[in-house]
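First the structure, in the form of structure tokens, and then the observations on it.
The values are calculated or read from the model by the stated rules, or taken from the named source; none is laboratory data. Please read these numbers as outputs of a predicted model, since none were measured by experiment. Cβ placement follows ideal geometry from the backbone for every residue including glycine, while neighbour counts extend to all protein chains displayed. The area values use the complete protein model at the heavy-atom level, side chains included, leaving out ligands, DNA and RNA. Shrake-Rupley method; radii C 1.70, N 1.55, O 1.52, S 1.80 Å.
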Amino acid sequence: MNLPLRARITAWYFTVLVVAFTSFAWISELGFQHSIEITVNDASRANLESIQRVLARAAPKGIQEVKAELNELEGVWAGAALLEVSDAHGRMIFQSDPFQRPYGTLPPMKKREVTFYTINLDNLQYRIAMREAEVNGQTLRVRAAVPTEPFDQALDRFRLMLKETLPFLIVLASLAGYWLSGRALAPVNAIIKTARAVGVQNLSVRLAVPPANDELRRLTETLNAMLGRIEASVKRITQFTADASHDLRTPVALIRASAELALRRPRTEDEYRETLLRIRATSEETTHLIENLLTLARADAGATELQFGEIDLVPHLEKIAEEAGILAAGKGIHVTWELPDSPVRVSADPAAIERLLLIVIENAVKYTPSCGKIEMRLSNGAGNARIEIRDSGIGISDKDLPHIFERFYRADQARSRDGGSGLGLAIARWIVDLHSGLIEAQSTFGNGSLFRITLPSAANR
């Protein structure tokens with residue numbers, strides 16, 4: 001059904017009320033009938049016992065005395081009860097007037113047990129208690145009847161009251177339920193209204209948290225947390241776009257300016273060559289930047305699939321150490337490495353691990369002055385492989401150290417003047433995260449830096 005939630009709640013509430021009140025009426029009527037039956041049976045049994053006492057007292061004095069006593073008892077009851085006494089052969093000793101009219105066949109009597117039976121006499125319903133009794137050595141059949149009409153009338157009035165009041169109570173309770181559901185859903189409507197007003201321009205808006213510690217409060221807090229994550233994501237995307245645009249605009253402008261300057265007037269072959277070399281170098285830097293941007297974009301989209309397998313880190317670090325020596329040779333930086341003799345096995349993607357190490361090495365070479373040194377060390381213990389890359393470079397300030405793994409983040413001018421897009425270490429952290437590892441940096445400004453990479457061993461993956 002395409003009904004509002006409030007209407008559906010009220011409909012369910014109405015259905016539950018109908019079932020509950022109907023069950024209540026049915027159970028109440030059964031209880032009322034059972035109570036009437038017990039009361040009438042007790043009354044007819046009590047009358048039966050009264051007759052037996054009269055018989056026991058009057059029988060020794062003769063049959064006439066019995067009739068007189070029973071006649072007097074009937075007068076005392078004044079129509080509130082009827083009685084009938086006969087001998088074992090069916091000869092009537094005493095009989096109230098209604099019993100003298102045909103009323104059908106009664107069930108057989110039991111000698112010691114009281115039997116109850118319902119009959120109609122003069123269009124009135126009676127409950128009869130009957131039993132055989134031994135009086136003065138003679139077996140007598142005794143019947144005592146109590147009219148059930150007053151109780152039947154009370155039951156009819158009770159049924160009428162239920163028919164008249166229950167529909168009214170159900171409708172009234174349903175209206176109250178509709179009103180209460182409206183109040184209960186008011187915070188939901190407030191959440192909807194606020195959520196509709198949230199847009200890209202005002203993601204800082206948060207829902208009002210209800211004071212009650214209930215499901216609506218938890219829902220509101222969950223939505224607020226979700227809005228916070230969306231806001232942070234949008235801010236990162238916006239910052240990413242702005243930084244990428246800025247970083248791409250500079251090399252593109254440089255390529256265009258170099259080309260325009262070369263075309264303003266005729267140049268010598270050497271001048272043209274110098275301009276083309278400058279354009280090529282800038283294009284290579286731009287290509288590297290675009291590749292890094294695409295890597296992070298694929299990472300955000302979850303589209304990058306690494307080929308994990310068990311590898312030995314030792315040969316991969318030897319390869320990177322050789323490349324580091326080539327990179328550092330131009331600045332006279334001395335590169336050393338310390339590798340274990342036994343294999344250090346991890347579950348990893350070989351290409352991703354080499355890219356991770358190359359990013360950190362390139363960073364160390366870039367910010368280490370001439371004649372400096374870079375040390376690489378691989379160790380294995382406590383279920384983890386640890387790679388440490390230490391340099392004697394310019395270091396990182398305490399202010400910048402917590403942010404160096406953020407995208408497009410550039411430290412102070414001492415590090416920023418060497419160029420770079422600020423994406424390398426962000427990619428390094430992403431690779432480490434995919435391998436369930438940890439990358440951390442320690443540095444003192446002016447005294448070099450230490451990058452530590454921890455990867456779980458193959459046995460722990």
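Observations, loosely collected:
- Annotation: lysines with alpha-carbon distance below 27 angstrom to residue 319 (same-chain offsets under eight excluded): 331, 366, 373.
- Cross-link partners of residue 399 among aspartates and glutamates (Cα-Cα below 16 Å; sequence separation of 8 or more within a chain): 412, 440
- Farthest positive-ward along segment 260-377 dipole, Cα basis, beta-carbon charges - from 325, 277, 293: 277
- Mean separation of Cα contacts under 8 Å, 6 or more apart, over the residue count of the chain: relative contact order %: 10 percent
- Computed over segment 1-144, the percent of Cα pairs more than 28 Å apart is 37.
- Taking every C-alpha pair closer than 8 Å and separated by at least 6 residues, the mean separation divided by the residue count of segment 166-252 gives a relative contact order of 21 percent.
- Whole-Å distance, taken between Cα centres, linking segment 426-445 and segment 159-219: 49 Å
- Spatial offset of segment 17-82 relative to segment 305-348 amounts to 108 Å, using the alpha carbon center of each.
- Read-out Rg and Dmax of the Cα atoms in Å, derived from the coordinates shown; its label in (1) 35.9, 133; (2) 51.3, 163; (3) 53.3, 178: (2)
- Length released on extending from residue 57 to residue 119, taking residue separation times 0.36 nm less the Cα-Cα span: 19.4 nm
- The residues of the chain expose on average 59 square angstrom of accessible surface per residue, using a 1.4 Å probe on protein heavy atoms.
- Only aspartates and glutamates eight or more places from residue 163 in sequence, or on another chain, were considered; those with a Cα closer than 20 Å are 29, 152.
- Computed about its Cα centre, the charge dipole of the chain is approximately 920 debye, with only Lys, Arg, Asp and Glu carrying charge at their Cβ.
- Taking Lys and Arg as +1 and Asp and Glu as -1, the other residues whose beta-carbon sits under 12 Å from that of residue 221 total +1.
- Distance between the pseudo-spin-label points of residue 168 and residue 37 (7 Å out from Cα toward the beta carbon): 3.2 nm.
- Protection-proxy order for peptides 126-136, 190-200, each taking the mean of Cβ atoms within 10 Å per residue, highest first: 126-136, 190-200
- Expressed as a whole percent, the accessible surface of the chain that belongs to carbon and sulfur atoms is 56, based on a 1.4 Å probe.
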